[in-house]
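The values are calculated or read from the model by the stated rules, or taken from the named source; none is laboratory data. Only a predicted model underlies this, so the values are computations on that prediction, with no experimental measurement involved. Cβ atoms come from the backbone with ideal geometry, glycine included; neighbour counts cover every protein chain shown. In case anyone asks, the SASA skips ligands and DNA or RNA and just uses the protein heavy atoms, side chains included. Shrake-Rupley method; radii C 1.70, N 1.55, O 1.52, S 1.80 Å.
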Amino acid sequence: MAGHSQFKNIMHRKGAQDAKRAKQFAKVIRELTVAARSGLPDPTSNPRLRAAIAAARDVNMPKDNIDRAIKKATGTAGGDDYVEVRYEGYGPAGVAVIVEGLTDNRNRTASDVRAAFSKYGGSMGETNSVSFMFRRLGVITYPLSVASEDDMLEAAIEAGAENVVSSDTTHEITCEVESFFAVRDSLEPKFGEPESAKLDWRPENTVMLDEEKATSVFKLLDVLEDNDDVQNVYANFELPDDLAEKLSS
């Protein structure tokens, strides 16, 4: 693992995810709001809303909360109005960072993100200043138990996916962004609802960090993740296995 996935996995093992449940719900509600307004409020005909509902279930949001958020977004009262934003820059040790957000105040969010970069040894750049170092992909994950490696690979390629990587616990299917919803919808009837299905930024190259540099990078990522307006943070770092294990313990 590298970058965002590795950071999230380590923070999850430390128990930070449980401590931030309320913030997770708030972020998911923002995505549900934007997704519901981007098309029909019916998830069967709104792929982004289906993905948002899956993300809500992934953090164990109650069904009543999900329904309430969708109704509020599409009701006459309207509720909050969010716009999508993306910021890019460099963190400590030259690590490239992409920050995605949903905000009702662009100036506030840009100021907060810029301040975080500056405080923790980085610098915010212009749009596309680091995204060329990443690849935008659709990523669909299934438990290993749903199919053999060969069966999953065959089904995924037939559905239009690019690749499947099977680990000890999961099958990870990757595809082009344009094929994401078609691939997911093709696999669901065969294997059920995926463990997760999302668009991701994957680094083309990574920066290997030692413990001191990793600590500095994690401070920046943690502050960015903690911002209410920030939905996702991606970075192109990598850790040696022994250090990742140490930080996860």
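Taking H placed 1.01 Å from N in the peptide plane, check which residues at least 5 places from E162 or on another chain put their amide H under 5 Å from its amide H.
Sorted by chain and number, the residues that satisfy this are T174, C175, E176.
Ignoring ligands, DNA and RNA, how do K23, K246 rank by accessible area with a 1.4 Å probe, largest first?
Output order, biggest surface exposure first: K246, K23.
For the chain, what are the per-bin percents of Cα-Cα distances with bins 10 Å wide, up to the bin holding the maximum?
Going out from 0 Å in 10 Å bins, the chain shows 7, 28, 36, 24, 5, 0 percent.
Using just the alpha carbons, could you tell me how many Å³ per residue the convex hull of the range 134-203 encloses?
73
Considering only V164, L153, S196, whose Cα is most displaced toward the positive end of the charge dipole of the range 134-203, charges sitting on Cβ of Lys, Arg (+1) and Asp, Glu (-1)?
In the range 134-203, that residue is S196.
Normalized C-alpha radius of gyration of the range 121-249, against 2.2 N^0.38 Å?
Numbers: Rg = 17.1 Å, N = 129, 2.2 N^0.38 = 13.9 Å.
Normalised by 2.2 N^0.38 Å, the Cα Rg of the range 121-249 equals 1.22.
Mind putting a number on the dipole of the chain about its Cα centre? Charges go on the C-beta only, +1 for Lys and Arg and -1 for Asp and Glu, and I need it in Debye to the nearest 20.
Its charge dipole is roughly 1140 debye.
Any idea how far the Cα center of the range 51-129 sits from the one of the range 191-249, in Å?
16
Report the label-to-label distance for V59 and E154 in nanometres (one decimal), using points 7 Å from each Cα along the Cα→Cβ vector.
Between V59 and E154, the simple spin-label model gives 3.9 nm.
Normalised by the residues of the chain, what does the relative contact order come to in percent, with Cα pairs under 8 Å and at least six apart?
Result for the chain is 25 percent.
Longest span of the chain, sites excluded, free of GluC sites (Glu not before Pro) in DSSP loop with at most 11 other C-beta atoms within 10 Å?
Longest site-free region, per DSSP loop and neighbour criteria: 1-125.
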